[in-house]
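Have a look at the structure below, then the notes.
All of the numbers you see were taken from the coordinates with simple rules; none came from a lab. Since we're looking at a predicted model, the values are computed, not measured. When we count neighbours, we look across all protein chains shown, and the Cβ atoms used for this are built from the backbone with ideal geometry, even at glycine.
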Amino acid sequence: MKLVHTALAATLAFASIACNAQNAGPSDPQIASIVVTANQVDIDAGKLAETKTKSQNVKAFAQQMVTDHSGVNKAATDLVKKLNVTPEDNPTSQSLKQGGDANIARLKTLSGGSFDKSYIDHEVAYHESVLDALDKTLIPGAKNVELKALLVKVRPAFVAHLEHARHLQAELAKSGA
Amino acid sequence: MRLLVCLMAALVLPVDAMAATYVVVIEQMRFDPPTLTVARGDRVVWLNKDLFPHTATADANAFDSHDIAADASWSYVARETGRYAYSCKLHPTMRAVLNVR
C-alpha cells in the first residue's frame, strides 16, 4: 500500500505538469528546475541504497543511478548557467521533492529484502513517470533548442534504467524478497 | 641522426601507414556503429559523448576500456583476428560487435 502511495505521488507530481501544459505548459526555467530536482531525488535515493542494501545487484544499480543522474545534472546545471537561466521552483518540482523526501523517510525505516523491494519498486515507478513526463510535457514543451536537445539526449538513459530496474524487480520477486 | 630516424621511419611507416583508425561513438546509450569490421593492426577509438561513464568490454575480456568518462575516449589496436561481442559493463543493455579480419 505504501508503495502504491509513492508511485502515485510520483505520478501525481508529473500529472500536475500535464495539467499545466493545457494552459501554457512549463516555461524553460520551470523545466530546468523539474529536471534538476528529478535527478537529485534519484541521486539521494541511490546514495541511501548504496549504504543500506545487502544485495550486490541492487548496490550496483544504486551506484549507477548516482553516477548517471549526477552526470545529467552536471550537464543541466552547466547549460542553465550558459543560457543564463535561473531554475524556477514550481508545483511539479516541489511535489517531486516532497515525494523524494517521503520515499527516503520510508526507506530509512526498512531493511533487508523489504528495503530492496521498496527501493526497486519505487525506481520502476519513478523512471516510468519521468519518461512519461519527458515525452508528453518536457521535450515538447522546451523552447530553447539546447535544453530540448539535452532532454532528448538523456531520454535513452532513463529507458535503460527502467529496463534495469524492472529486471531487478523480477529477480527480487523470484527470490521471494 | 635526425636523417637516420627519418630514413628508418620511412622504412617502417609504409606498414603502419596502412593501418586505419576507426571511431565508435558512444551516445544515447548506444555504440555507433553497432557492428564494425577492421583489419588487424587498425586502431579503434571509442568516444563517449554521453554525460556519464561507459565501458567497451569484450565478452571474454579480450579488451576492456574500463570507465571512459563523459567526453573522454579510449583507443585500442586490434591485434588478433576474430569476432568480439562487447558491451558496456555499466549498462549491460548496450551491446555491439567488433570484427577483426
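Sorting B:HIS54, B:HIS66, A:HIS127 by the number of Cβ atoms found within 10 Å of their own Cβ, with the fewest placed first, yields B:HIS66, A:HIS127, B:HIS54. Helix A:28-52 and the longest principal axis of the Cα set of chain A meet at an angle near 20°. Ranked by how many other Cβ atoms sit within 10 Å of their own Cβ, fewest first, the residues A:SER114, A:SER129 fall in the order A:SER114, A:SER129. Counting Cβ atoms of other protein chains within 10 Å of each Cβ in B:91-98 and taking the mean gives 3.
Exposure proxy shown here: for B:ILE26, A:ILE139, B:ILE68, A:ILE104, the number of other Cβ atoms within 10 Å sets the order, fewest to most, as A:ILE104, A:ILE139, B:ILE68, B:ILE26. In the stretch A:2-175, Cα pairs under 8 Å separated by at least six residues give a relative contact order of 34 percent.
For chain A, the longest principal axis of the alpha carbon atoms and the long axis of helix A:2-23 meet at an angle near 10°. Where both bridge residues fall in the stretch B:16-101, DSSP classifies roughly 65% of the beta bridges as antiparallel. Listed values for the stretch B:42-55 are Karplus-derived 3J(HN,Hα) couplings in whole Hz (6.51 cos²θ - 1.76 cosθ + 1.60, θ = phi - 60°), namely 6, 9, 10, 10, 9, 10, 8, 9, 7, 8, 8, x, 9, 10, and x replaces Gly and Pro. Computed on the Cα trace of the stretch A:2-175, the radius of gyration divided by the Kirkwood hydrodynamic radius gives Rg/Rh = 0.97.
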